[in-house]
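Notes follow the structure.
Read-outs: derived from the displayed coordinates by stated rules, not from any lab. Owing to the predicted nature of the structure, the values given are computational and were not obtained by experimental measurement. Glycine also receives a Cβ, built like all others from the backbone with ideal geometry; neighbour counts cover every protein chain displayed.
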Amino acid sequence: MTTRIGIGLLGLGTVGGGVAEILQTPDGRHPLVADLDLVRVAVRDLDRPRPVSLDPAVLTTDPEAVVDDPAVQVVVEVMGGLEPARTLIMRAIAAGKSVVTANKAVIARHGEEIAAAAAAAGVYVLIEAAVGGGIPIIEPLKQSLGGNRIERVSGIINGTTNYILSRMAQEGADYAEVLRQAQELGYAEADPAADVDGLDAADKIAILAGLAFGGPIPRSGIPTAGISSLQGRDVDYATQLDYSVKLLAVAERMDGAGRDGSSHALPLAVRVQPTLVPLDHPLAGVHGVNNAILVEGDPIGRVMFYGPGAGAGPTASAVVADILNIAGIRQLDDADGNLDPLLAASSWRQCHLVDSGAIRQRNYLRFQTEDAPGVIGQIGTCFGQHGVSIQSIVQFDASDAGAEIVVITHEVSNGNLEQALAAITAQAEVRGIAAHLGCL
Ligand SMILES: NC(=O)c1ccc[n+]([C@@H]2O[C@H](COP(=O)([O-])OP(=O)(O)OC[C@H]3O[C@@H](n4cnc5c(N)ncnc54)[C@H](OP(=O)(O)O)[C@@H]3O)[C@@H](O)[C@H]2O)c1
């Protein structure tokens, strides 16, 4: 026996339109899709043309009416923004309704509160579309990779910045020009700050790290650098040195703490920054608006998830997968009201972010200096005195106007690096640090 399931949609924009289209065309999809009824849809503007045709009686400008409608069993929040989205999600949970959301901003900031409320109410809040658009990464972290001890999650999780960086590398173009074209093509928002300043990627890595390592991550503590001050010449130098520049989000455990089940919080290094990726690394081949997430764990080794990180169809694919997971459980004859612990994915330990000075990584640095003999030696000496080992040091663009010296370090703590940089910039021949990026 099948039970029809009433879906209430909060938002009928890019993602909501894609969801409605899947629900209206069940042919050839999983049979459960045909059991989903789109019963109410909230929008802001009733007169706006929509990509799908709906009975006008289904549409409302009152999102609370959608949540409260007794015919709605699953609430799908695809309106975006922090409020009223957060309050509507909490209202649905309080009414005993499971929620599917694509809203990374809400989940990264209020995920703990929402998860606690959902657990208490015995409902699910599923978020597959919140990270990586159409790429299945949330459910694999919660379920398929559950037997692993995760060591690191890293990835390209913002398509807008990856598009801009790919074009800068291919065409030697400047950031501002590529951003303008990306806006014209609809790949970048009119206000691109959340993407280009790394904030969207920080929301997403907070969510991924929370699932991978089992505890909530304080979103506001994530060191975040975007690409808005990246210069074309660093992309060019990186290419000459056989690297690709990517906006990488990384979350990794810092040592073995927590492995023995001790009560100490697991120390994690989480960051977002433009990073040089060796051309033979799997993430270097991810171009344009695509996303990719590399998960490293024991015993699986490395596994990479790759695909379209945004867009109506891909994101709706992830939203509908979540709806189907909930629908599948509701269809079980023996459903007893207990939550499936893998699907519900409650946190199971504490994590804490290490101070940024303790984060260890390789670095790319570009110094502007006088074109004088001995400068490279001085820089090398300062690094050596502070325990920073250099992988390569190259002089570019020597002219009357000065020289550019590019250094790639071996792995070093940020604290040691900062001391070395203070000593280097105190040298008379060193004019300044023109760029500082991460390096894999
Ligand atoms: N776009 C993507 O590729 C993508 C990918 C992954 C995740 N997401 C996430 O998915 C969510 C939705 O994104 P989107 O691109 O689909 O946004 P969008 O195109 O701007 O659509 C938002 C929809 O929500 C409606 N809405 C907004 N505020 C409302 C309110 N207060 N009351 C009633 N309706 C309201 C809008 O109504 P009107 O149409 O009448 O204005 C619109 O239909 C966001 O959280 C976003 O971060 C998007």
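See the values below:
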item	result
Theoretical FRET efficiency, 1/(1+(r/R0)^6), r = Cβ-Cβ of Ser389 and Ala193, R0 51 Å, to 0.05	0.90
The stretch 62-77 - phi-based ³J(HN,Hα) in whole Hz, Karplus 6.51/-1.76/1.60, Gly and Pro as x	10, x, 5, 5, 5, 4, 7, 4, x, 7, 8, 9, 10, 9, 10, 9
For the stretch 18-69: relative contact order, % (alpha-carbon pairs under 8 angstrom, 6 or more apart)	34 percent
Nearby lysines by direct alpha-carbon distance to Lys142 (threshold 16 angstrom, same-chain neighbours under 8 apart not counted)	Lys204
The chain: angle of helix 312-331 to the longest principal axis, Cα-based, in degrees nearest 10	50 degrees
Debye-sum result for the chain in log10 I(q)/I(0), which assumes one identical scatterer on each alpha carbon, at q = 0.07, 0.11, 0.13 Å⁻¹	-0.39, -0.87, -1.13
Relative contact order [Cα under 8 Å, 6+ residues apart], the stretch 118-206, whole percent	22 percent
Euclidean distance of C-alpha centroids, the stretch 364-437 and the stretch 290-349, integer Å	45 Å
Prolate/oblate/rounded label for the stretch 283-436 (Cα gyration tensor, a/c 1.5)	prolate
Distance between the stretch 175-250 and the stretch 75-129 - C-alpha centres, whole angstrom	25 Å
Dipole of the chain, positive direction: furthest Cα of Ala169, Gly307, Met90, with charges on the beta-carbon	Met90
Choice from Gly377, Gly18, Gly210 showing the highest fluctuation, given a GNM over the chain with Cα pairs closer than 10 Å	Gly377
Rounded to 10°, Cα long-axis angle of helix 104-121 versus longest principal axis of the chain	40 degrees
Nearest 10 degrees, 0 to 90: helix 159-171 Cα axis against the chain principal axis	40 degrees
Relative contact order computed over the chain (Cα-Cα under 8 Å; 6+ residues apart), in percent	16 percent
Helical mean residue ellipticity (222 nm; -39500 (n - 2.57) per DSSP H run of 4+; nearest 500) of the chain	-10000 deg cm²/dmol
